[in-house]
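Below is one structure. I have some questions about it.
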Amino acid sequence: MDEHALEKLGWGPPFQEAWRSRASEGEEPARIGADYGVEYVLYSARGDLRATIPGRLRMAIRKGESVRPVVGDWVTFEPQSQEGATVIQAVLPRRTQLARKAAGRADEEQVVAANVDVVFIVSALTRDLNPRRLERYLALAWDSGAQPVLVLTKADLCEDVVAARDTLAALAPEVPLHTVSSVTGEGLEALWQYIGGNRTVALIGSSGVGKSTLINRLLGSTRMQVGEMREDDKGRHTTTHRELFVLPQGGLVIDTPGMRELGLMENEEGLRTAFTDIEELGAGCRFSDCRHEKEPGCAVRQAVQDGRLAPERLENFHKLAREVTRIERQYDPQAQARAKQDTKKATRSFNTSQKKRGR
């Protein structure tokens, strides 16, 4: 096995140890390079391979005994199975995972990419610029375990880059922020500091913000289709699947389809990190469990009244906190049991009242 070739794909000691402890004789490691739903592209020491999932692994995924492979995952595979095709045998443990709530499904997690070191949160310096949406992306990125970086594209189309930059820098002062233009090349050089060392960067953002154009510039060639902008400045979806690109200079980038619906997953840790200013202000509240709603002595609401905190930022904090709490309850077996018990009690109470009324 050519480990040097694998290192260019992000291979390292954690994955090597997991592979040695899990792989059967004849199995080799590879990284998921593209996900087409029923078929995958594997990047391996042998080169690029087309692979499928066997029925055994599909059953384990349905039972929750294994995760479904996604772009960025390291897997073990058999070069040639009995059927004559490359088959994925197992998914190695992930270091990080970028996940969201599946669109339209309140209780289902959708992993967007795995083993990501840095998340480029991409937004265009045009009418797409939406601080509230960026707060959601920041919470999503912090929750993944990767380092978030704000990348503002289309600087060549913005009349006041400094003002836009200052507005967004206040959202998360500790998060690096870069303004770039894929047309003129302005600011692109600064992005390489996050990509070197065979690190993996995932790009997330709405359609039309310039993710595909940015990747083409990093690749030095046109590999990604770029769509036209609609009259309302909304982008057309040109990326329909997730793909991992190996850059000629070293490093890897994962492109993701534009997210029509962005839902948070797992816990409130990412939320707290995305709203560190509210967390810091909350330390001055009279009550340690203050929810910053109607409690007396709330330092956060006082900051809003004093003009030190934007009211819409606090409003978005409450909105996202309610969303995280709702999902946590759906994933908490005890909370689910209590909800079922409450439903049974309510049903019995209703039936009893109906009998008393003679209905």
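Which far-off residues, 5 or more places away or on another chain, put their amide H under 5 Å from the one on residue 90, with H placed in the peptide plane?
76
Separate question: Would you please give the residues with an amide H less than 5 Å from that of residue 147, counting only those at least 5 places away or on a separate chain, with H modeled from the backbone geometry?
Under 5 Å from the amide H of residue 147: 118, 119.
Residue-wise, which Karplus ³J(HN,Hα) couplings in Hz belong to segment 42-53, taking 6.51 cos²θ - 1.76 cosθ + 1.60, θ = phi - 60°, and x for glycine or proline?
9, 9, 9, 5, 7, x, 7, 10, 8, 9, 10, 9
How large is ³J(HN,Hα) for each residue in segment 250-255, as worked out from phi by the Karplus curve 6.51 cos²θ - 1.76 cosθ + 1.60 (θ = phi - 60°), to whole Hz, x for Gly and Pro?
x, x, 9, 10, 10, 9
Give the long-range amide H neighbours of residue 180: residues separated by 5 or more places, or on another chain, with amide H under 5 Å away, using H modelled in the peptide plane at 1.01 Å from N.
Here the answer is 152, 153, 154, 155, since their amide H atoms fall under 5 Å of that of residue 180.
I'd like the accessible area for residue 15: 1.4 Å probe, protein heavy atoms, all chains in place, Å² to the nearest 10.
It works out to around 10 Å².
The values are calculated or read from the model by the stated rules, or taken from the named source; none is laboratory data. Small disclaimer: the values here were computed from a predicted structure and weren't measured. Side chains included, ligands, DNA and RNA excluded: accessible areas come from the protein's heavy atoms. Shrake-Rupley method; radii C 1.70, N 1.55, O 1.52, S 1.80 Å.
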